[in-house]
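Comments concern the structure below.
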Amino acid sequence: MKGLPPMKAYIPNAMSVKKRQHFEDVWYPAEAERRKDVLFDIKKEAVEYCNNDTLELLYDVVHFRNLVNQVAAFDVFSCGMTITALAIRLFKVDAANSRLSFACTPFRRIS
């Protein structure tokens, strides 16, 4: 197939209003014109999409790691913790740094 797949193949209804408007008014018409005589290779496009997605995820993970390191001065990935454990640890770091006191409800086993 030459050119791009039909617009509906990109599932514009799943996009935010702003992104959908940009997609319909700017991106799709420009790309359709640019690629009108080029064969659409779904395998190549899927590999490129996955590579871009993986790189974006990598950048986000590194950014997340750096943010946690700045806030709490520890490497979240070397600890192998869950998001819940991270939240508790960050709360403890924040409480220790701000000298906050907080109440804890004692644990009671219900028989």
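Where a number appears in this text, it was derived from the coordinates with a stated rule and is not lab data. Since we're looking at a predicted model, the values are computed, not measured. Here the Cβ is made from the backbone with ideal geometry for all residues, glycine too, and neighbour counts use every protein chain on show.
For this structure, a couple of remarks:
- In the chain, a dipole from Cβ-located charges (positive for Lys and Arg, negative for Asp and Glu) runs towards its positive end, and of A30, N51, M81 it is M81 whose Cα lies farthest in that direction.
- Lys, Arg +1 and Asp, Glu -1 on Cβ, resulting dipole of the chain about Cα centre, debye, nearest 20: 580
- Relative contact order (percent, whole number), the chain, Cα cutoff 8 Å, 6+ residue spacing: 21
- The length gained by stretching the chain between L58 and I11 to full extension, at 0.36 nm per residue less their Cα-Cα distance, is 14.4 nm.
- Derived scalar couplings ³J(HN,Hα) [the stretch 76-85; Karplus, 6.51 cos²θ - 1.76 cosθ + 1.60; whole Hz; x for Gly, Pro]: 4, 7, 6, 8, x, 9, 7, 4, 4, 4
- Derived scalar couplings between HN and Hα for the stretch 41-52 equal 9, 4, 5, 4, 5, 5, 5, 4, 4, 5, 4, 4 Hz in order, rounded to whole Hz, by the Karplus curve 6.51 cos²θ - 1.76 cosθ + 1.60 (θ = phi - 60°), x for Gly and Pro.
- Only one residue of N69, L39, V17 has its Cα farthest out toward the positive end of the dipole of the chain, where Lys and Arg carry +1 and Asp and Glu -1 on Cβ, and that residue is N69.
- HN-Hα J in Hz across the stretch 20-29 - Karplus 6.51, -1.76, 1.60, θ = phi - 60°, x for Gly and Pro: 5, 4, 4, 4, 6, 8, 10, 5, 4, x
- In this calculation the C-beta distance from K18 to A95 is compared with R0 = 30 Å, giving a FRET efficiency of 0.15.
- Rounded to the nearest 20 debye, dipole of the stretch 25-66 from Cβ charges on Lys, Arg, Asp, Glu: 140
- Helical content of the chain, expressed as a calculated mean residue ellipticity at 222 nm, amounts to -18000 deg cm²/dmol (DSSP H runs of 4 or more residues, -39,500 (n - 2.57) each, divided by residue number, nearest 500).
- Cα→Cβ-extended label distance, 7 Å offset, between A73 and Y28, nm: 5.3
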